[in-house]
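Step one of this worksheet: look at the structure below.
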Amino acid sequence: MLPWKPQFARWRRLRGVTRRRRIASAAAMAVGLTAVSVAFGPDGTPDGAWRAASGQTASALAADVPAAALTSRDLTRGVDALQRRLKAQPGDAGGWAALGAAYVEQARTIGDPTRYPQAEKAFGRSLRLRGGDENDAALAGQAALAAARHDFTAALRLADRALEVNPYGERALSVRVDALVELGRYREARKAVELADRRRPGVPVFTRYAYVLELHGDVKGARRVLLRALDSAFSAGDKAYVATELGQLSWSRGDFRRALGHFDAALRAEPEYVPALEGRGRSRAALGDLKSAVRDLKEAVRRSPLPGRLAALAELYEAEGRQGAAKEQYALMNAWTRLARANGVAAEPESALVEAGHGDAAEALTAARDEWSRRHSVHTADALAWALHANGRYKEALGYAKKATAPEPGYQNASLLFHRGMIERALGEHTAARRHLRAALELNSGFSLTHARQAKAALGELAVRSGQSAGSAARGGS
């Protein structure tokens, strides 16, 4: 199964603030918040005064929301409203920027990459109506679009341009963090998220802050920040979003029952929230309830057929012995990847991982190398390592597997550990292989039904070689 990462491209406040109003309220934008900084309190402002100011300003800014705040639940209606508005007022630069952002969000939530060209046109029209030197909304939207297409270098450049216009832009601050994370520039990402936390504390920044901490191995810190985010979540959608992030964090540490509780809470807040449905399915699978897990994942895939969900469902079918149904899911994933590429979306590590295991190994290696040439994240290193392993190039693979699991930044992920252990096993480095395969299972025994089973089998085989019982090996005996 693929490493499961948080997905951040979620914009709840799509504002069409005019340049004049924004300049007049530049300082107020900094206090247009519903929460206080995770680490410091915003720019030294006393906490109580900050809360009072933010409440006043939030009300003022609410009037700037074009059409309606577009939540995942009413995104389609919001897009329709914006389209009607722009038909009547085609010169509304802010409206076009908001529509572009809505298309990006719509592409993400329903897994439809054909929305990206529409978003590109909308942002372009916004910038023709109002230049980039005074249109941070369109620039930040273009940054989000570039990130959604996995062009993180462009996303970073555009986010920086947007921040030159409006240093307090929430979307630009957030995309900047995302881009640095995906480029593997983790120290800079940490500084960026600390800056965002000072300028625009709130749910979008808190969830990024938590992920950056998790990438640096600070899981307790990540959970603390997410709980803080949950306290500050106001809408049902934000509560569902943060609860899902908490669920994913618990799941990644093998605490499946706690994860299930978070996902259930998310679905109580927003029953249509697909990431929570997916998380519940993954948790149920890890707890052995395959029937319920299949039901959840099938529904999640029906609503939003993203590659990670398709691969997760395929693994469930494999566990049930339904190889034909599993192949259909992998075929759908390959079709989705081709469609995404046709709409300007670069290959992602997930695609190479699936291709390495279920498709053309040589093609997977080409895709993984291409991605590594663009960005050096732990996930791209892992994908390249696994693709090299699939092509029998174990020694080279180990170098990238070590990068993926290096002490810096210190990310702990069961899939990454499993890949490293299997590569070491192929190289005959049995002691190291045992250590990393055990670590994968100890961290998250349900990280993948297929790979967990393979890890246990490999440990058993290695135990036989060393004269140790298979059961003792899986339990962690030396």
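The values are calculated or read from the model by the stated rules, or taken from the named source; none is laboratory data. Because the structure is a prediction, the values reported are computed rather than measured. As a convention, Cβ positions derive from the backbone with ideal geometry for all residues, glycine included, and neighbour counts pool all protein chains shown. Areas reflect the complete protein model, heavy atoms only, side chains present, ligands, DNA and RNA absent. Shrake-Rupley method; radii C 1.70, N 1.55, O 1.52, S 1.80 Å.
Assorted remarks:
- Residues (among the charged types (D, E, K, R) and part of a helix (DSSP H, G or I)) located in segment 188-214: Glu188, Arg190, Lys191, Glu194, Asp197, Arg198, Arg199, Arg208, Glu214
- Subset tally (residues that are buried (at least 16 other Cβ atoms within 10 Å of the Cβ) and either free of Cβ contacts under 8 Å to residues at least 40 places away in the same chain or among the charged types (D, E, K, R) (or both)) for segment 269-282: 9
- Among the residues of segment 438-465, those identified as open to solvent by 60 Å² or more (accessible area, probe 1.4 Å) and either under 21 Å from the mean Cα position of the chain (by Cα) or more than 20 Å from Gly308 (Cα to Cα) (or both) are Glu442, Lys456, Ala457, Glu461, Val464, Arg465.
- One residue stands out among those in segment 352-377 that are among the polar types (S, T, N, Q) and surrounded by fewer than 19 Cβ atoms within 10 Å (Cβ to Cβ): the one that is modelled with the highest pLDDT, which is Ser373.
- Filter result for Pro90 (of a type outside the set (S, T, N, Q) and at pLDDT 95 or above): yes
- Condition check for Leu332: in a helix (DSSP H, G or I) and farther than 28 Å from Arg438 by Cα: yes
- Residues in segment 110-160 that are touching a Gly at 6+ places or on another chain (Cβ under 6 Å), of a type in the set (A, V, I, L, M) and closer than 30 Å to Arg302 by Cα: Ala119, Ala122.
- Some residue of segment 294-308 being closer than 19 Å to Val177 by Cβ, of a type outside the set (Asp, Glu) and surrounded by fewer than 24 Cβ atoms within 10 Å (Cβ to Cβ): no
- Complete set of residues in segment 232-257 that are assigned to a helix (DSSP H, G or I), without any contact (Cβ under 8 Å) to a residue 60 or more places away in the chain and not aliphatic (A, V, I, L, M): Lys239, Thr244, Gly247, Ser250, Arg257
- Criterion (at pLDDT 95 or above and outside any helix (DSSP H, G or I)) met by exactly one of Gly279, Gly217: Gly217
- Condition check for Leu158 on (1) open to solvent by 10 Å² or more (accessible area, probe 1.4 Å); (2) more than 14 Å from the chain's Cα centre (by Cα); (3) closer than 27 Å to Glu278 by Cα: one failure, at (3).
- Checked against the criterion of being more than 19 Å from Ala101 (Cβ to Cβ) and buried (at least 20 other Cβ atoms within 10 Å of the Cβ), the candidates Asp238, Asp218, Asp197, Asp178 yield just one match: Asp197.
This table checks each residue for (1) under 24 Å from the mean Cα position of the chain (by Cα); (2) open to solvent by 10 Å² or more (accessible area, probe 1.4 Å); (3) small (Gly, Ala, Ser).
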| residue | (1), (2), (3) |
| --- | --- |
| His379 | yes, yes, no |
| Lys395 | no, yes, no |
| Pro407 | yes, yes, no |
| Ser415 | yes, no, yes |
| His436 | no, yes, no |
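- Of all residues in segment 91-112, exactly one satisfies the criterion of being out of contact with any Ser or Thr (no Cβ under 9 Å at 6 or more places or on another chain), of a type outside the set (Gly, Ala, Ser) and open to solvent by 10 Å² or more (accessible area, probe 1.4 Å), namely Tyr103.
- Residue count for segment 157-187, restricted to those that are more than 21 Å from Ala138 (Cα to Cα) and assigned to a helix (DSSP H, G or I): 4.
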